Amino acid sequence: MDIPDGRTASALRFLTELAAWAATPWALAPHSVPLAVASVVLLIGLPTVFATPGDKKQVMVAVPGPVTIALVLLQLAAAVAASWAAWPAWLAVPVTLLAAGCLVLEQPRWRALAGAGAGRYGADGTTAREQTKAP
């Protein structure tokens, strides 16, 4: 299954991820440096390790589409919330608009990913039907 992913949507998603990676530790560092470091490790590490087959070329750990959608929503929420907590409004407003644009342009991809329902893929990225076929 190939997941649609337009260039503009990909670019906005990447820019929003960059904002999340910068703003989240910035917002958390005054409270806890280890928490700030952990936030970056999680924000970068989770989408790197967990992916839906067909959405990325190389998948370390196959997960259903809704998990990938949730990881993107986590990035968007982190970018917006942390930018407002850590930065002045003139920086937080563009991040919020960027995340809103990403939210809109991701819809075709998310519809396709939502079709990759829970439990549909095995650890090797094959469907249950493919796993039960005789060789």
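Just so you know, all these numbers are worked out from the coordinates, no wet-lab data involved. None of the values given here were measured: they were computed from a predicted structure. With ideal geometry, Cβ positions are generated from the backbone for all residues, glycine too; neighbour counts draw on all protein chains shown.
Structure summary
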quantity: Neighbour-count ranking [beta-carbon atoms within 10 angstrom, fewest first] of Thr68, Thr24, Thr8; calculated: Thr8, Thr68, Thr24
quantity: Relative contact order computed over the stretch 7-118 (Cα-Cα under 8 Å; 6+ residues apart), in percent; calculated: 36 percent
quantity: The stretch 7-118: C-alpha gyration tensor shape, a/c 1.5 cut-off, then a/b vs b/c; calculated: oblate
